[in-house]
1. Taking neighbour counts of Cβ atoms within 10 Å as a proxy for exposure, in what order, fewest first, do Glu48, Glu21, Glu229 appear?
2. Would you indicate which of (i) 11.4; (ii) 18.6; (iii) 16.3 is the value of mean projected area of the Cα convex hull in nm² derived from the coordinates of this structure?
3. By DSSP, what percent of the beta bridges with both residues in the chain are antiparallel, rounded to the nearest 5?
4. How high is the relative contact order of the stretch 109-225, in percent, with contacts defined as C-alpha pairs under 8 Å that are six or more residues apart?
5. Just need the relative contact order of the stretch 10-103 here, percent rounded to a whole number, with Cα pairs under 8 Å and 6+ apart.
6. Give me the dipole magnitude in Debye, nearest 20, for the chain about the Cα centre, with unit charges on the beta carbon: positive for Lys and Arg, negative for Asp and Glu.
7. Tell me the angle of helix 192-208 to the major Cα principal axis of the chain, expressed in degrees between 0 and 90 and rounded to the nearest ten.
8. List the residues, sorted by chain then number, that are 5 or more residues from Ser151 or on another chain and whose placed amide H is less than 5 Å from its amide H.
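Read-outs: derived from the displayed coordinates by stated rules, not from any lab. Being a predicted model, the structure only gives us computed values, none of them experimental. All Cβ positions, glycine included, derive from the backbone under ideal geometry; neighbour counts span all protein chains shown.
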Amino acid sequence: MPSEPKTLSITHWAEADRPREKLERLGANALSDAELLAILIGSGTPKESAVDLMKRILNDCKNNLNSLGKLSLHDLEQYKGIGPAKAITILAACELGKRRQKATVEEAPILNSADGIYQFMHTTIQDLDIEEAWVLMMKQNFRLIEAKRISVGGLTMAPVDIRLMMKEVLLKNTTILVFCHNHPSGNTTPSRDDDLLTSRIQKACELLHIHFADHVVLTDGGYFSYREEGKL
């Protein structure tokens, strides 16, 4: 009975097909996601190349790098050929991708729309499984002064101390304020508590002559804008 054929390792591929050599010849843009990740993990298994291994993992993530970044170390280590070191390398690469995306946005942080606010905050909230509240403090031209987390909760948001929040806002000489928080459930619909908090922030801003531009509820895939929905 013939033995089962073995998969050739990348070192035995034609040079033109090897990820490292391909990147050197054609540039990183010419490589698939699986090929780029294969370079990072370095090797697969005796029966599966690094590229095929990463293709299989990405296929389980519906070929979505965002979904890959949501996997835990334990999730990745369930794949034969992925040990702790390779799992850490994959997640480190995903995190660097998120940080690069955010750094590009921060080069010109003028946040004068709910969509712009969502794009700016998305990399911060996309993997959270708890609620966080953030305040975006801006100058008169909607240019960001600072984005500051002011509350961390569980499945529901921890209480927001309006006094401490407004103290921070005043110290930064803020003229325009945006409040935003995430819903880990993926449901963008604001709660009754969200409505009450919005009203309290609006009253505090009116008292201090600060323009309360919006309260944006964020999810990994969408948002709800109090301003756009006519609730502010």
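1. The order, fewest Cβ neighbours first, is Glu229, Glu21, Glu48.
2. Only one option fits the structure, namely (iii).
3. 75 percent
4. 29 percent
5. Worked out over the stretch 10-103, it gives 20 percent.
6. Working: 28 positive and 31 negative charges, 82 e Å.
That gives a dipole near 400 debye.
7. The angle comes out near 60 degrees.
8. Ala133
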